[in-house]
1. May I ask you to list the residues in segment 147-180 that are assigned to a helix (DSSP H, G or I), free of Cβ contacts under 8 Å to residues at least 60 places away in the same chain and either over 19 Å from LEU54 (Cβ atoms) or among the basic types (Lys, Arg) (or both)?
2. Give the number of residues within segment 76-128 that are basic (Lys, Arg) and more than 27 Å from GLU38 (Cβ to Cβ).
3. Need at least 2 residues that are crowded, with 21+ Cβ neighbours inside 10 Å and of a type in the set (Gly, Ala, Ser) per element, so show me which strands (runs of 3 or more DSSP E) inside segment 1-101 make the cut, counting only ones lying wholly within it.
4. Look at segment 46-78 and say how many of its residues are over 13 Å from the mean Cα position of the chain (by Cα) and of a type in the set (A, V, I, L, M).
5. Of the residues in segment 125-146, how many are out of contact with any Gly (no Cβ under 9 Å at 6 or more places or on another chain) and either closer than 15 Å to ARG95 by Cα or outside any loop (DSSP other than H, G, I, E, B) (or both)?
6. Determine whether PRO136 is open to solvent by less than 20 Å² (accessible area, probe 1.4 Å), at pLDDT below 95 and in contact with a helix residue (DSSP H, G or I) (Cβ under 8 Å, 6 or more places away or on another chain).
7. State all residues of segment 236-263 that are under 25 Å from the mean Cα position of the chain (by Cα) and at pLDDT below 90; if no residue qualifies, say none.
8. Specify which of the listed residues (ALA97, ALA115) is more than 20 Å from the chain's Cα centre (by Cα), more than 26 Å from LEU54 (Cα to Cα) and modelled with pLDDT of 95 or more.
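The values are calculated or read from the model by the stated rules, or taken from the named source; none is laboratory data. Keep in mind that this is a model prediction, so the values were computed, not measured. Every residue, glycine as well, gets a Cβ built from its backbone with ideal geometry; the counts of neighbours run over all protein chains shown. Side chains are part of the model used for accessible areas, which takes the heavy atoms of the whole protein and leaves out ligands, DNA and RNA. Shrake-Rupley method; radii C 1.70, N 1.55, O 1.52, S 1.80 Å.
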Amino acid sequence: MTAALSLRSITCTFISRDDRSQRYTAVRDVSLDIAAGEFVSVVGPTGCGKSTLLNVAAGLLEPSAGSVQVFGQPLAGINARAGYMFQTEALMPWRTALQNVTAGLEFRGMPAEQARRCGEDWLKRVGLGGFGDRYPHQLSGGMRKRTALAQTLVLDPDIILMDEPFSALDIQTRQLMENEVLELWAAKRKAVLFITHDLDEAIAMSDRVVVLSAGPAARPIGEFAIDLVRPRDVAEVRVTPRFIDLHKAIWDVLREEVLKGYEQQKRAA
């Protein structure tokens, strides 16, 4: 079966504008396939290039070496079949929640009334049916995240890219959002590439967890199938024996890389 998203031998090297002899390789020779309908999380130490890979998958960054395929076709430019949910909300402060959700539809040329109906439907799906006229500054952090989620999913992307989307939320709101994402994902089973620092979150949500080494030149060093029964409640699943076993197995691989990353940050400080 053709992968929804295929990264092949991806290397990303950044060259200093001031001194071209200074180079930094964020990731080296990374290959990763994500099947249609599969939820894959990537975890690793801070600075290991997780977001770099996501930007490559989105077509926002051209790799120094390697290739990207989307449903078997080479990616050239922006990945039009992907929706990207950023770590910080990409909400326009001068537009209401509804106007933010419908912005992408309008840019694609959908008639205004049809876009409005779609936007209202998605706001209802994420629990914000009565808040379409609110501006971002009038919404709580969790409500802004829900708006950003609707903004991404209203476009019905075949691939969903998520870059630590819930990291700024309190634990209760975070778990509500995680369950909400899983429920929405289960309805249509789109391919998801999810970046997170939180190993618990990765295990609770995913079909597969990929571990990256510490940078520079980060690379995959472990891959784990998450065989927990679905549907899942992210709070309840954390106390099951299988979750605990998976957490130990993955942490055994990840621990040393986190320590390496921490020591590198201390030296750079």
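1. Matches in segment 147-180: THR147, ALA150, ILE171, GLN172, THR173, ARG174, LEU176, ASN179, GLU180.
2. 4
3. Hits in segment 1-101: 82-85.
4. Residues in segment 46-78 being over 13 Å from the mean Cα position of the chain (by Cα) and of a type in the set (A, V, I, L, M): 8 in total.
5. Adding up the residues that qualify gives 13.
6. On the way: open to solvent by less than 20 Å² (accessible area, probe 1.4 Å): yes; at pLDDT below 95: no; in contact with a helix residue (DSSP H, G or I) (Cβ under 8 Å, 6 or more places away or on another chain): yes.
For PRO136, the condition - open to solvent by less than 20 Å² (accessible area, probe 1.4 Å), at pLDDT below 95 and in contact with a helix residue (DSSP H, G or I) (Cβ under 8 Å, 6 or more places away or on another chain) - is not met.
7. Matches in segment 236-263: GLU256, GLU257, VAL258, LEU259, LYS260, GLY261, TYR262.
8. Matching residue, one of ALA97, ALA115: ALA115.
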